[in-house]
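Have a look at the structure below before the remarks.
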Amino acid sequence: MNAAHVPINMLVQPHNRERALNEFIDHRFIPRSRSNYDVIKTLYKAKDAFELSMRSYMVSISDHYWVRPCDSPMMIGNTYEE
């Protein structure tokens, strides 16, 4: 991970980066209180909020973080085509 781009909680908890990263990811899920949550989950054939969030690589319009699978060729600045 690029230290200049880690989530802020990883800077606050530098002694346990793995735990801090897991806490950050746990808060990126689409909330069940979101309007039409069940409909969206069904449309994307997702079994839970984690799977639904991974469909969009956990990208959020409110920050610049996203999750990329290790074996994915997707990188910032390029497009990914299947």
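The values are calculated or read from the model by the stated rules, or taken from the named source; none is laboratory data. Predicted model only: the values in this text are computed from it and were never measured. Methodologically, a virtual Cβ is constructed for each residue, glycine included, from the backbone with ideal geometry; neighbour enumeration extends over all protein chains shown. For the accessible areas, the whole protein counts, side chains as well, though only heavy atoms, and no ligand, DNA or RNA atoms are used. Shrake-Rupley method; radii C 1.70, N 1.55, O 1.52, S 1.80 Å.
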Exercise. Inside region 38-50, can you point out the residues that are open to solvent by 50 Å² or more (accessible area, probe 1.4 Å) and in a helix (DSSP H, G or I)?
Worked result: Asp38, Val39, Ile40, Thr42, Leu43, Phe50
Problem set entry | Scan of region 1-13 for residues that are touching a helix residue (DSSP H, G or I) at 6+ places or on another chain (Cβ under 8 Å) and in a helix (DSSP H, G or I), ordered by number | Asn9, Met10, Val12
Exercise. Given the structure, is Phe29 out of contact with any Gly (no Cβ under 7 Å at 6 or more places or on another chain), outside any helix (DSSP H, G or I) and of a type in the set (Phe, Trp, Tyr)?
Worked result: yes
For this session: Please verify whether region 63-76 includes one or more residues that are polar (S, T, N, Q), exposed (fewer than 12 other Cβ atoms within 10 Å of the Cβ), modelled with pLDDT under 70 and in a loop (DSSP other than H, G, I, E, B).
Result: no
